[in-house]
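Peer 1: For reference, the structure I am asking about is given below.
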Amino acid sequence: MSSIKKLHYETCFYISLLLVLISCRNNNKQPESTGKVKDTVEDLSDLIMKTDAQCRQIDNNTTQKIDTLDDNDLSTQGGQVIIYTKVNDTQKILEVYYGETGSGELTFYLDYHNIIFVRDKELAYILGDTGIVNNKSDSSLTEMYFNNNTLIKWSKTGNINSDRDSADEVKYVLNEYGDLKSNIK
């Protein structure tokens, strides 16, 4: 190593060491808590509770099923898209699909065409002596909360493994909604 590079590295090391020592000296004083993290968590909890209430209102209100579209492109065994509106505003879209190994429901809750909540249910079929038996133990549920088209909470329960992680799941859901939106007038 050349002497100039060595001198450069030594200088950087000593400057870094000096900065660490200065910051340690200043850290003896505890900064006053601004509560920003706590406020953010509380704001997020409030937003999730409001979204839950809004989804319940959409489910329980005078929302009407206005259109059902058969969609054989959803899966090998076909499916349906059910659109719920209130005063010409689409508030909920339910996509039901059937496959050879299971079925699923992808539900979008909307606020002025913006996604606020998505529920993705999957159910695996189990072959029994009498044919197909649905067993709740072979299911999964993914829930996603959105605010201003940004994911704010993602959770998954159940035992059906998916190749998608949370980022892939969000991309899948947003693409699916984009496809639905372009096909629904």
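The values are calculated or read from the model by the stated rules, or taken from the named source; none is laboratory data. Only a predicted model underlies this, so the values are computations on that prediction, with no experimental measurement involved. Quick reminder, even Gly has a Cβ in these numbers, built from the backbone with ideal geometry, and neighbours come from all protein chains shown.
Peer 1: If you go through region 86-98 one residue at a time, how many are at pLDDT below 85 and of a type in the set (S, T, N, Q)?
Peer 2: 1
Peer 1: While we're on this one: Residues being without any contact (Cβ under 8 Å) to a residue 40 or more places away in the chain and either assigned to a strand (DSSP E or B) or more than 20 Å from the chain's Cα centre (by Cα) (or both): count how many of those fall in region 87-120.
Peer 2: 19
Peer 1: I've got another one for you. Among the residues of region 129-172, write down those that are modelled with pLDDT of 65 or more, farther than 16 Å from Gly104 by Cβ, part of a strand (DSSP E or B) and not hydroxyl-bearing (Ser, Thr, Tyr).
Peer 2: Phe146, Asn147, Leu151, Ile152, Lys153, Trp154
Peer 1: Kindly indicate whether Ile66 is assigned to a strand (DSSP E or B), in contact with a strand residue (DSSP E or B) (Cβ under 9 Å, 6 or more places away or on another chain) and modelled with pLDDT under 75.
Peer 2: It is true that Ile66 is assigned to a strand (DSSP E or B), in contact with a strand residue (DSSP E or B) (Cβ under 9 Å, 6 or more places away or on another chain) and modelled with pLDDT under 75.
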